[in-house]
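A short worksheet on the structure shown next.
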Amino acid sequence: MSIETILDALAEAVADAPAAVEHLLLDLATARAHADHMQHSPTATDYGRESAAAGLDRAREDLLDVLDLPSTNGVPA
């Protein structure tokens, strides 16, 4: 999948629901920062790292759900 395809889908989603997409992008950024912090924190537990990674996966999936990307068998192509 090309970056142009992703950006086109993002632009269309923003045109349809700007506040919702902004919220999803902020959630994704926050989840990414938290997962990075947990990955590098010497005091983080394995459970904390796994939980943060799962939160990042959820945030990514939530954003992908609103983008109309071409897919093959449910996987973005």
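Select from region 1-12 the residues that are assigned to a helix (DSSP H, G or I) and either open to solvent by 40 Å² or more (accessible area, probe 1.4 Å) or of a type in the set (S, T, N, Q) (or both) and list them in ascending order.
Step one: filter region 1-12 for residues assigned to a helix (DSSP H, G or I), giving 3-12.
Once the filter is applied, which keeps residues that are assigned to a helix (DSSP H, G or I) and either open to solvent by 40 Å² or more (accessible area, probe 1.4 Å) or of a type in the set (S, T, N, Q) (or both), region 1-12 yields ILE3, GLU4, THR5, ILE6, LEU7, ASP8, LEU10, ALA11, GLU12.
Just to be sure I understand, how many residues within region 37-72 are under 18 Å from ALA13 (Cα atoms) and out of contact with any strand residue (DSSP E or B) (no Cβ under 9 Å at 6 or more places or on another chain)?
Residues in region 37-72 being under 18 Å from ALA13 (Cα atoms) and out of contact with any strand residue (DSSP E or B) (no Cβ under 9 Å at 6 or more places or on another chain): 9 in total.
Pairs under 7 Å by beta carbon, first residue farther than 21 Å from LEU26 by Cα in region 37-55, partner surrounded by 13 or more Cβ atoms within 10 Å (Cβ to Cβ) and hydroxyl-bearing (Ser, Thr, Tyr), six or more apart or different chains?
none
Scan region 1-12 residue by residue and report those that are small (Gly, Ala, Ser) and within 12 Å of LEU67 (Cβ to Cβ).
ALA9, ALA11
Can you tell me how many residues within region 18-34 are under 12 Å from the mean Cα position of the chain (by Cα) and either in contact (Cβ under 8 Å) with a residue 12 or more places away in the chain or not in a helix (DSSP H, G or I) (or both)?
The number of residues fulfilling the criteria is 8.
Just name the residue that is nearest to PRO70 (Cα to Cα) out of those in region 31-57 that are out of contact with any helix residue (DSSP H, G or I) (no Cβ under 6 Å at 6 or more places or on another chain) and open to solvent by less than 90 Å² (accessible area, probe 1.4 Å).
ASP57
Can you tell me which residues in region 13-24 are farther than 13 Å from ASP65 by Cβ and surrounded by 14 or more Cβ atoms within 10 Å (Cβ to Cβ)?
Across region 13-24, the qualifying residue is only VAL14.
Quick one: what pairs do we get from region 58-75, first residue closer than 19 Å to SER2 by Cβ, second at pLDDT below 90 and of a type in the set (A, V, I, L, M, F, W, C), C-beta under 6 Å, 6+ apart or different chains?
Between residues of region 58-75 that are closer than 19 Å to SER2 by Cβ and residues that are at pLDDT below 90 and of a type in the set (A, V, I, L, M, F, W, C), the close pairs are PRO70/ALA77; SER71/ALA77.
The values are calculated or read from the model by the stated rules, or taken from the named source; none is laboratory data. Everything numeric here is computed off the predicted structure, so don't read it as measured data. Here Cβ is always computed from backbone atoms with ideal geometry, including for glycine, and neighbour counts include all displayed protein chains. When the accessible area is computed, the model is the full protein with side chains, heavy atoms only, and any ligands, DNA or RNA have been set aside. Shrake-Rupley method; radii C 1.70, N 1.55, O 1.52, S 1.80 Å.
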